[in-house]
1. Which residues, taken from segment 126-176, are open to solvent by less than 20 Å² (accessible area, probe 1.4 Å) and of a type in the set (Phe, Trp, Tyr)?
2. Collect the residues in segment 70-92 that are closer than 17 Å to Val158 by Cβ and surrounded by fewer than 18 Cβ atoms within 10 Å (Cβ to Cβ), keeping them in residue-number order.
3. Residue check, Ile18 against (1) open to solvent by 70 Å² or more (accessible area, probe 1.4 Å); (2) of a type outside the set (Lys, Arg); (3) modelled with pLDDT of 95 or more, all met but one. Which one?
4. Using the structure shown, decide if Ser98 is out of contact with any strand residue (DSSP E or B) (no Cβ under 9 Å at 6 or more places or on another chain), over 24 Å from Phe75 (Cα atoms), hydroxyl-bearing (Ser, Thr, Tyr) and open to solvent by 30 Å² or more (accessible area, probe 1.4 Å).
5. For segment 104-121, state whether one or more residues are in a helix (DSSP H, G or I) and under 17 Å from Ser40 (Cβ atoms).
6. All but one of (1) open to solvent by 20 Å² or more (accessible area, probe 1.4 Å); (2) more than 20 Å from Lys54 (Cα to Cα) hold for Glu121, so report the exception by its number.
Amino acid sequence: MAKWLKWTINLTILSALIAACGVIYLQSASNKAVILNCSSELFDRHGQLKDDGKFYLLVDVLISAGNAQINYRYFNLDGSGAGMILMQGEVQSMEPNSMTYNVSVKTKTESEDVDKKAWPEHMKYLSYISSLHFSESGKHNMSIEILHSDASKDYAVVLFQPSNTVCGCRIVNSRI
């Protein structure tokens, strides 16, 4: 009987250790940061802006420990800055089937050194829609969906909503 009791205690301790290791592994895996450097070309379909309304957009994404930071940086064709919107918030959920991060943005900072009239149309829209959401509910909900990724090439195609932006991204760090 003593052998059986000793064996049961050892098995219980071993099971607890395995469970603890599993929890630690899952916690560390879920805390791994996602870092993406994304880019896209923007065009004003109406062509009313100088240089046919062409701009470059760089989007830097950092998701770590349930927090998210998305930095939209806009540039003119000559490389000069055309504006910036920095959004910070929390990851509300991650949908593994669709590889979508649902983010609740709590704060937004917009560049003040560029005249709003000179902002790219995309930036004006993003500023408008996020401000509308902030005034209605105090937060701006957005999603970051990985449409395609190739970890061996450190590359992903990402859709940002509601800004309707598709970017090619370099995967710097990921749990994708």
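1. Of everything in segment 126-176, just one residue is open to solvent by less than 20 Å² (accessible area, probe 1.4 Å) and of a type in the set (Phe, Trp, Tyr), namely Phe160.
2. Those that are closer than 17 Å to Val158 by Cβ and surrounded by fewer than 18 Cβ atoms within 10 Å (Cβ to Cβ): Asn71, Val91.
3. Evaluating Ile18 over (1) open to solvent by 70 Å² or more (accessible area, probe 1.4 Å); (2) of a type outside the set (Lys, Arg); (3) modelled with pLDDT of 95 or more leaves (3) as the failure.
4. No, not satisfied.
5. Within segment 104-121 (the criterion being in a helix (DSSP H, G or I) and under 17 Å from Ser40 (Cβ atoms)), the answer is yes, since at least one residue qualifies.
6. Result: Glu121 passes all but (2).
The values are calculated or read from the model by the stated rules, or taken from the named source; none is laboratory data. Remember, it's a predicted structure, so these values are computed and weren't measured experimentally. Heads up, the Cβs are rebuilt from the backbone with ideal geometry, glycines too, and the neighbour counts pull from every protein chain shown. These area figures cover heavy atoms from the full protein model, side chains too; ligands, DNA and RNA do not enter into them. Shrake-Rupley method; radii C 1.70, N 1.55, O 1.52, S 1.80 Å.
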